[in-house]
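One structure is given here, and the rest of the page talks about it.
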Amino acid sequence: DCWCNDFCQAHGNCCSDYAVECGEKPAKCEKCGRYTCDEWIEWDAGKYTCESLAHDWGCACAGCKCKGKAQMTLNLFSEQKHPEARCLDGSIAGYYIRPGNEKVKFLVFLEGGGWCYDQNCKEPTPDGTLKDCWKRSSGNLGSSKRWPTIKPQEYLTGILSEDVKENPVFSNWTVVFVPYCDGASFTGNSVVDGLHFKGEPILKAVLTELESKEGILDASRVVLSGGSAGASAVYFHADYIAKRLKGGACSRSETLQKRMLSMLGAAGPDDNADETCRQMEVLALPDAGFFLDVPDHEGVRCWPNQMIGLFNVSGGYSSLHAGCLDKYKSEPWRCLFPEYFADLMETRLFILNSLYDSSEITYSLGLDCCPGDCPYWKRACTPSEMQLYEKLRLGHLEAWKDVVRRPGNGVWAISCI
């Protein structure tokens, strides 16, 4: 149908559709001050809409496209191109992307969501681990079958928000959200009893698609982030990702230079080649993934045992930090815990972590108490339990000591409980 009323003209882009369908030319997008409404929105989509420009500044946005907030859309992998990039249940994995106005700045966020492991942490078994992973494979953390085509806005908060007030640094960046469905922090490349522990192929497929389709090799800055188990993945993979992206950007720039020289009939190396290769900066920003190797309140290495049991089943050790695996050849399990290798990381690192991480309080220490008025734990801690709180704080500070001494690194350690 061909229609275009005043409301549509002022608040949407249906009049552009009207022109296509009916052959009539829509109204011209007039300027509001120095720029048109569309130009204001393109400059800062997180701040401006046609509605806000009309309400706050009296702009007449008739005839403007008035593009709304960019949506974060799902891209499932091609099974022919990436046959191994599968979730626990065998469904094909993928990634979400929201293009930003900052075309040369990318935020790549690895989703968190715990791990699958034997709930009996004192004596975890392979059967107990597989049972939990089978359970996980039926939900969104183990299968892509029910992933929404558009990522709901309510899940895109903090550094994922496109609201410039909430997120002044990253709101205009191109944001890549990588759903987590392998159960082991984007590690492993095996199939065990029908479960696909394919985190490594998933991660490599994401990078391949970002390189070939999304323009990440043209980026000047890439920030790799993630939350909880996704933050653990940042520690595991940041150096590999940084090396791969920088190498790809360098090869790309050299290829372009050679083509230009060939077209111009010039010969010989370009004096600026090395400088061009150094233009991409990759930074690591893990949020709450620095989980310590600590025993619980009964002296049992509860959560560490569960993680080791998972990786014994999944075979994911080979996907962990290469420098750590080289250092601890006979003890690869240490590379599950950043305290043993974060100082080896070459990628610039800014740690976001609580000194009293709620996951560590619950799952590592096994505590259900709080020294104050907490929403989750109503029981007051005993003196001996408070000593475990303090030991956790000191453990983090000790583990970060060598990391933050390296120039360019930092930590924001939240001390609230």
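The values are calculated or read from the model by the stated rules, or taken from the named source; none is laboratory data. What you see is a predicted model; the values in this text were computed from it and never measured. Here the Cβ is made from the backbone with ideal geometry for all residues, glycine too, and neighbour counts use every protein chain on show.
Observations, loosely collected:
- Residues considered: 374, 369, 416. Of these, the only one that is without any contact (Cβ under 8 Å) to a residue 40 or more places away in the chain, on the phi < 0 side of the Ramachandran plot and out of contact with any Pro (no Cβ under 6 Å at 6 or more places or on another chain) is 369.
- Residues in the range 325-349 that are assigned to a loop (DSSP other than H, G, I, E, B), among the acidic types (Asp, Glu) and more than 21 Å from residue 302 (Cα to Cα): 346 only.
- Cross-chain or 6+ apart pairs with Cβ under 8 Å, the range 196-219 first and in the same structural domain as residue 135 (by TED's automatic domain parsing) and assigned to a helix (DSSP H, G or I), then surrounded by 22 or more Cβ atoms within 10 Å (Cβ to Cβ) and of a type in the set (Lys, Arg): 201/86; 202/86
- Those residues of the range 350-365 which are more than 15 Å from residue 230 (Cβ to Cβ) and either in contact with a Leu (Cβ under 9 Å, 6 or more places away or on another chain) or in a helix (DSSP H, G or I) (or both), in sequence order: 350, 355, 356, 358, 360, 361, 362, 363, 364, 365
- In the range 370-388, residue surrounded by the fewest Cβ atoms within 10 Å (Cβ to Cβ) [restricted to those that are under 15 Å from residue 355 (Cα atoms) and touching a Cys at 6+ places or on another chain (Cβ under 7 Å)]: 371
- Check on residue 117, of a type in the set (Phe, Trp, Tyr) and under 16 Å from residue 314 (Cα atoms): yes
- Unique match (being without any contact (Cβ under 8 Å) to a residue 24 or more places away in the chain, among the small types (Gly, Ala, Ser) and over 27 Å from residue 238 (Cβ atoms)) among 139, 90, 128: 139
- Filtered by the rule that a residue be surrounded by fewer than 24 Cβ atoms within 10 Å (Cβ to Cβ) and either in contact (Cβ under 8 Å) with a residue 40 or more places away in the chain or part of a loop (DSSP other than H, G, I, E, B) (or both), the range 181-195 gives 189, 190, 192, 193, 194.
- Options 296, 357: the member that is surrounded by 17 or more Cβ atoms within 10 Å (Cβ to Cβ) and under 21 Å from the mean Cα position of the chain (by Cα): 357
Yes/no per residue for (1) within 17 Å of residue 137 (Cβ to Cβ); (2) among the hydroxyl-bearing types (Ser, Thr, Tyr); (3) touching a Ser or Thr at 6+ places or on another chain (Cβ under 6 Å):
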position: 177; (1), (2), (3): no, no, no
position: 183; (1), (2), (3): yes, no, no
position: 187; (1), (2), (3): yes, yes, yes
position: 202; (1), (2), (3): yes, no, no
position: 207; (1), (2), (3): no, no, no
position: 239; (1), (2), (3): no, no, yes
position: 243; (1), (2), (3): no, no, no
position: 246; (1), (2), (3): no, no, no
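- Condition broken by residue 163, with the remaining ones in (1) crowded, with 20+ Cβ neighbours inside 10 Å; (2) farther than 22 Å from residue 89 by Cβ satisfied: (1)
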